[in-house]
Each structure stands twice: as C-alpha cells, then as structure tokens.
C-alpha cells in the first residue's frame with residue numbers, strides 16, 4: 001500500500017525526506033533499499049547490488065514519490081502545491097495571502113511576541129500549538145532575566161536556547177536569517193514569497209523589532225502583509241526594504257518529545273535558569289533567576305544616582321520586564337495544569353504545588369497592575385516623571401515578594417524533575 005501523505009503536506013519536508021533517503025543509501029543502510037527498489041533500473045537488484053549502485057537525488061525523489069503513490073516527483077510536487085493553494089491561500093488583484101492567521105495585539109494576555117508569533121504562524125499548519133504551549137515548551141513561562149545595560153532584549157524569547165527548546169519539544173524548527181536590516185533584506189524577498197506561497201507564514205522583525213508574522217504579500221513580494229502586536233486589527237503593509245534584521249522560516253520536522261520527556265526537558269531548563277546566575281547570547285550577557293532579581297532591585301536602589309538617559313532606560317526596562325513576568329506566569333499556570341493531567345502520580349503533587357504557587361504570584365502581580373502605583377507602564381497612565389524614589393522603594397518590595405514565590409515554586413519544580421528523573425531511570 002502507498003504511504004499516506006499528512007493532511008497538510010510540506011514540500012520542504014518532502015525534499016528533506018528525499019535527501020535523508022539518499023544519505024541512508026550512501027551510508028549503506030539496507031533500510032533504504034525497499035523505497036529505492038521502485039527505481040526501474042534497480043527493481044531486480046539485491047540489497048547488496050542496490051547499495052553498491054549509483055543513486056542521485058533525482059532518483060531518491062522519484063522513489064519517494066512512488067512511495068507516496070505518485071508516478072514521479074513532478075506529480076507529487078503538483079499535488080502538494082494544489083493542496084496548499086486550496087487550504088487557505090488566496091489571490092486577488094495581485095495580492096496573495098493566507099487565510100486564518102490570527103490577529104496579534106498587546107494587552108490580550110499574549111504579550112511575548114515570539115510565542116504569539118509562533119502561535120499565529122502555526123495556527124494554519126497541520127500541527128498548531130497554543131501560546132501557553134509555546135511559552136511552556138520554551139521555558140519562557142518560568143524565566144526571570146535582566147540585563148546590566150538595561151537592554152530590552154532581556155525580555156524576548158527569539159534566542160538560541162528558547163528556539164532550540166521549541167525544536168526539541170515540539171518538532172517546530174526555526175531557520176533564522178539575519179542581515180543589516182533595511183534595503184539589504186530585499187535579498188530574502190524570493191524566499192519569503194515562496195514560503196508564503198506554500199501556505200506557511202514567516203516570522204519577521206518590523207522596524208520596531210518585535211516579532212511579527214508575514215501572512216501575505218503584494219507587488220510580487222516586495223510588500224508584505226503583517227500581523228503584529230503594535231497594530232492589532234489594523235492592516236499593516238510593510239516593504240521588504242524596511243524590515244529589521246531578523247527573519248524566521250518555520251519548518252515542521254514532525255512530532256516532538258512525548259509528554260513526559262517534554263515536561264522533563266522544560267523543568268530542567270526552568271530550574272537551570274533560576275540557578276545559573278548569568279548566560280551569554282552573542283555579545284550580550286544576561287542575568288537570570290535569583291541573580292537577575294537581586295541586580296534589578298540593586299539598580300532600583302541606585303536609580304537616583306544615574307544620569308537622566310540611563311534612568312529612563314532603567315524605567316522602561318523595569319516596567320517592561322515586570323509585565324513580561326506577569327504574562328509568563330499566567331502561562332505557567334496553564335501549562336502546568338495541562339501537564340499535570342497526564343503526568344505520573346508521583347509527579348502530579350509537586351506540579352500542582354508549583355502551579356498553585358504561580359497562581360498566588362499571578363494574583364499578587366495582578367494586584368500591582370490594579371493599584372497602578374508601581375512599575376508605571378502605559379496601563380498606569382503615568383510617566384517617567386512620576387517614577388519617584390518612593391515608587392522605586394515600593395517596587396523593590398514587590399521584587400522581594402516575587403522572589404519568595406519564585407523560590408518556592410522552583411523548589412516544587414525541582415521535586416517534580418527529580419521524580420521524572422527517577423521514572424526515566426527505571
């Protein structure tokens with residue numbers, strides 16, 4: 001019987017499969033013989049003869065197409081392109097777009113633009129993941145991070161460790177492309193257009209450097225249609241020549257880890273981030289967990305000694321990082337609750353304890369938002385001039401409260417991780 005294609009086949013994934021088949025043949029793997037024997041020139045060959053024969057990538061593609069029940073690679077390619085077009089790709093007046101890509105907007109409980117972008121992009125795929133899933137599977141749901149130079153990048157998730165965790169746990173791989181931004185990004189126009197034509201959105205940086213999702217294009221790909229947190233329901237069209245320095249092309253590599261292994265991987269990252277102290281990403285050095293909270297509090301204490309430029313940077317990052325943590329802990333509650341439903345009995349109790357502690361922390365942080373007297377972000381309708389020494393003292397007290405909740409919650413996560421390690425060893 002022919003092998004069945006998935007409901008939403010990916011031509012890129014099929015190309016990878018053909019390359020893997022060719023590599024297996026070159027490595028002398030007898031497992032490749034069954035598929036390659038559909039080649040007319042090798043139909044009567046023994047395994048030994050087949051493995052000794054010359055096989056090209058075109059041969060591997062032809063054999064793979066036969067495996068899926070198609071006459072040749074061209075027929076398979078045409079089928080996949082037809083399915084892609086019929087599953088939500090629309091064209092009108094020279095404009096092409098993917099239907100069904102959700103709106104992104106700050107203030108809707110999905111403020112991490114990396115996880116929000118991933119949720120929106122995969123929503124039209126065969127394997128969608130929720131915002132809470134991406135936050136949990138990347139361990140962003142549990143992270144506290146700070147930057148000594150008060151760079152807002154400490155709040156983002158589109159970095160090596162988090163991207164790697166997403167690939168390991170979910171099977172979604174992100175092929176990041178970087179450039180200088182601006183006109184130089186036009187060299188990626190064709191790659192973006194081809195990806196959108198396959199029905200897969202692209203993660204991009206607009207000039208404001210928040211992750212956005214390109215879901216369509218106009219002018220043969222020179223202008224992109226975007227979903228982004230800054231514009232919400234309003235249509236945004238952005239020329240490729242105005243892009244920021246980062247693009248992310250999503251590849252569906254198949255199923256990720258089983259639930260227990262996913263949880264184990266995530267908890268290991270969460271505990272590590274709390275204990276690690278510092279970590280590098282390129283030239284940037286970030287503070288994590290306990291160390292981050294202590295430095296954050298110390299920076300607030302010395303804010304009155306800073307020049308105005310540095311004080312404004314600290315003001316901005318302080319409220320932004322606070323909002324980031326509040327958003328993340330709401331997803332931790334959801335993620336742990338879902339994981340607890342399928343976890344082994346010896347894991348459920350510490351998971352539930354961690355979930356309950358994060359729920360208490362979430363209520364505590366919600367009270368700060370309600371009072372509007374600390375971490376004076378846009379929701380408070382207050383400005384930098386309102387950020388007095390009295391407010392900063394209040395903020396330091398709130399950070400002490402966060403530290404207490406975080407310490408106890410991570411202790412429960414460590415207990416759950418130890419139980420998972422014992423189960424894995426048996």
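No lab work stands behind these numbers, since they all come straight from the coordinates. Since the structure is predicted, the reported quantities are computational estimates derived from the model, not experimental observations. As a convention, Cβ positions derive from the backbone with ideal geometry for all residues, glycine included, and neighbour counts pool all protein chains shown.
For region 11-87, a/c is not less than 1.5, where a ≥ b ≥ c are the root eigenvalues of the C-alpha gyration tensor, and a/b tops b/c. That puts it in the prolate class.
Counting only alpha carbon atoms, the long axis of helix 11-26 and the longest principal axis of the chain meet at about 60°. Here the spin labels are modelled as points 7 Å beyond Cα on the Cα-Cβ line, and at residue 126 and residue 153 they lie 3.7 nm apart. When only alpha carbons are used to place a centre, region 242-269 and region 353-413 end up 29 Å from one another.
Against the chain, whose longest principal axis is taken from its Cα atoms, helix 57-67 shows a tilt of about 90°.
Which length gain, in nm to one decimal place, applies between residue 421 and residue 93 when the Cα-Cα distance is subtracted from 0.36 nm times their residue separation?
Result for the pair: 112.4 nm of gain on full extension.
Counting neighbouring beta carbons within 10 Å and listing from fewest to most, the residues 380, 54 come out as 54, 380. Stretching residue 284 away from residue 348 to a fully extended chain increases their span by 19.3 nm, per 0.36 nm per residue minus the current alpha-carbon distance. Taking 7 Å steps out from each Cα toward its Cβ at residue 341 and residue 194 produces label points 4.0 nm apart.
Estimated purely from DSSP H runs of n ≥ 4, each contributing -39500 (n - 2.57), the mean residue ellipticity at 222 nm for the chain is -17000 deg cm²/dmol once divided by its residues.
How far is helix 160-170 tilted, in degrees, relative to the longest principal axis of the Cα atoms in the chain, given as a value from 0 to 90 rounded to the nearest 10? Approximately 60 degrees, to the nearest ten. Computed from these coordinates, which is Cα Rg over 2.2 N^0.38 Å: [x] 1.02; [y] 1.13; [z] 0.97? Calculated Cα Rg over 2.2 N^0.38 Å: the matching label is [y]. Can you classify region 259-425 as rounded, prolate or oblate using the Cα gyration tensor, where a ≥ b ≥ c are the square roots of its eigenvalues, rounded means a/c under 1.5, and otherwise it's prolate if a/b beats b/c and oblate if not? Here region 259-425 falls in the prolate category.
Exposure proxy ranking for 375, 188, based on other Cβ atoms within 10 angstrom of each Cβ and starting from the fewest, stands as 188, 375.
For 274, 97, 73, the sequence from fewest to most other C-beta atoms within 10 Å is 97, 73, 274. In region 242-292, Cα pairs under 8 Å separated by at least six residues give a relative contact order of 22 percent. Sequence-distant contacts, meaning Cα pairs under 8 Å at least 6 residues apart, place the relative contact order of the chain at 15 percent.
The relative contact order of region 258-389 comes to 19 percent, based on Cα pairs under 8 Å that sit 6 or more residues apart.
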